[in-house]
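Contents: one structure, followed by commentary.
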Amino acid sequence: MKNQSKDELVIAALISNPTVRAAAQVCGVCETQIYSRLRTRAFKEKYDAARLEVLQQSTAYVQGVISAAIKKMYDVMNDENASQQVQLNAAEAIIRTSLKLTEQTDIITQLAEIKKAVFPNE
């Protein structure tokens with residue numbers, strides 16, 4: 001097996017398993033070899049890029065279903081058959097979610113403005 005293919009196998013195992021031990025068992029590589037690879041710059045860069053890609057894909061999926069989730073919270077908040085505590089919990093979840101989304105949007109906007117000021121030609 002080529003080193004690149006073995007790296008890809010190890011990276012896939014690391015991403016899809018909760019521990020290095022479990023990843024080692026899945027891909028047939030000993031734990032010490034995985035830890036050794038994680039200390040090399042090239043492997044670590046590949047691993048970090050793969051983890052970022054998985055995170056970006058997961059984020060895109062969550063963004064795609066967030067409207068339905070918020071609608072569900074809204075429906076629960078307004079459900080006359082739900083207890084007041086359940087309605088209050090849904091209202092609190094909506095407020096908490098709104099505040100977090102607003103904060104994130106503000107941060108992204110500010111970062112874009114800073115990037116534009118620092119790198120005006122991009």
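Within the stretch 36-57, being open to solvent by less than 70 Å² (accessible area, probe 1.4 Å) and part of a helix (DSSP H, G or I) holds for Ser36, Arg37, Leu38, Ala42, Phe43, Tyr47, Asp48, Ala49, Ala50, Val54.
The set of residues in the stretch 13-36 that are touching a residue at least 24 places away in the same chain (Cβ under 8 Å) and within 16 Å of Leu52 (Cα to Cα) comprises Leu14, Ile15. State whether the residues of the stretch 90-100 include one that is closer than 23 Å to Lys6 by Cα, under 17 Å from the mean Cα position of the chain (by Cα) and open to solvent by less than 70 Å² (accessible area, probe 1.4 Å). Checked against the condition, which is being closer than 23 Å to Lys6 by Cα, under 17 Å from the mean Cα position of the chain (by Cα) and open to solvent by less than 70 Å² (accessible area, probe 1.4 Å), the stretch 90-100 yields no hits at all. Applying a threshold of 7 Å to beta carbon distances and a minimum spacing of six or more residues, or different chains, the list of pairs starting in the stretch 45-72 at a residue that is farther than 27 Å from Ile11 by Cα and in contact (Cβ under 8 Å) with a residue 12 or more places away in the chain and ending at one that is of a type in the set (Val, Ile, Thr) and part of a helix (DSSP H, G or I) reads Ile70/Ile94; Ile70/Thr97. Scanning the stretch 58-86 for residues that are part of a loop (DSSP other than H, G, I, E, B) and loosely packed, with under 10 Cβ neighbours inside 10 Å turns up Glu80, Asn81, Ser83. The single condition among (1) open to solvent by 70 Å² or more (accessible area, probe 1.4 Å); (2) assigned to a helix (DSSP H, G or I) that Pro18 does not satisfy is (2). Within the option set Gln33, Gln110, being in a helix (DSSP H, G or I), open to solvent by 100 Å² or more (accessible area, probe 1.4 Å) and not charged (D, E, K, R) holds for one residue only, Gln110.
The values are calculated or read from the model by the stated rules, or taken from the named source; none is laboratory data. Note that the structure is predicted; figures quoted are calculated from it, not measured. Note: ideal-geometry Cβ built from the backbone for every residue, glycine included; neighbour counts use all protein chains shown. In case anyone asks, the SASA skips ligands and DNA or RNA and just uses the protein heavy atoms, side chains included. Shrake-Rupley method; radii C 1.70, N 1.55, O 1.52, S 1.80 Å.
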